[in-house]
Amino acid sequence: MAREAFTALVLVVALQRLWETARSRAHARVLLREHGREHAQGQMPWMVLLHAAWLIAMVLEVWWRAPTPN
């Protein structure tokens, strides 16, 4: 049960991150349209990759790691 609950929690976090990313892109479009400037353009894909890999790794560890005997 704990594995399923943890996986559900990670899924909720992943969905929230996707929503955040979409909202951030919308804000960026508005700011760029109003002559804003983007700094460090190349970092966003790396941040997305890092965060996605971290979430996936957490779930994989929970499901693949053998439980310790008590």
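The values are calculated or read from the model by the stated rules, or taken from the named source; none is laboratory data. Given the structure is predicted, the values throughout are model-derived calculations rather than measurements. For neighbour counting, all protein chains shown are included, and Cβ atoms are generated from backbone atoms with ideal geometry for every residue, glycine included. Heads up: the accessible areas ignore ligands, DNA and RNA and are worked out on the full protein's heavy atoms, side chains in. Shrake-Rupley method; radii C 1.70, N 1.55, O 1.52, S 1.80 Å.
Find the residue count for the stretch 3-34, including only residues that are in contact (Cβ under 8 Å) with a residue 40 or more places away in the chain and not charged (D, E, K, R).
So the first thing to find is which residues in the stretch 3-34 are in contact (Cβ under 8 Å) with a residue 40 or more places away in the chain, and the list is 3, 6-7, 10, 13-14.
Restricting the remaining residues to those that are not charged (D, E, K, R) gives 6-7, 10, 13-14.
Residues flagged as in contact (Cβ under 8 Å) with a residue 40 or more places away in the chain and not charged (D, E, K, R) within the stretch 3-34 amount to 5.
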- Note on the structure: Going through the stretch 36-65 in order, the residues found to be loosely packed, with under 11 Cβ neighbours inside 10 Å and part of a loop (DSSP other than H, G, I, E, B) are 37, 38, 39, 40, 41, 42, 65
- Is it true that residue 59 is within 18 Å of the chain's Cα centre (by Cα) and in contact (Cβ under 8 Å) with a residue 24 or more places away in the chain? yes
- Task: Starting from residues that are touching a helix residue (DSSP H, G or I) at 6+ places or on another chain (Cβ under 9 Å) and closer than 27 Å to residue 65 by Cβ, keep the ones in the stretch 6-35 and report whichever is most open to solvent (accessible area, probe 1.4 Å).
- Result: 11
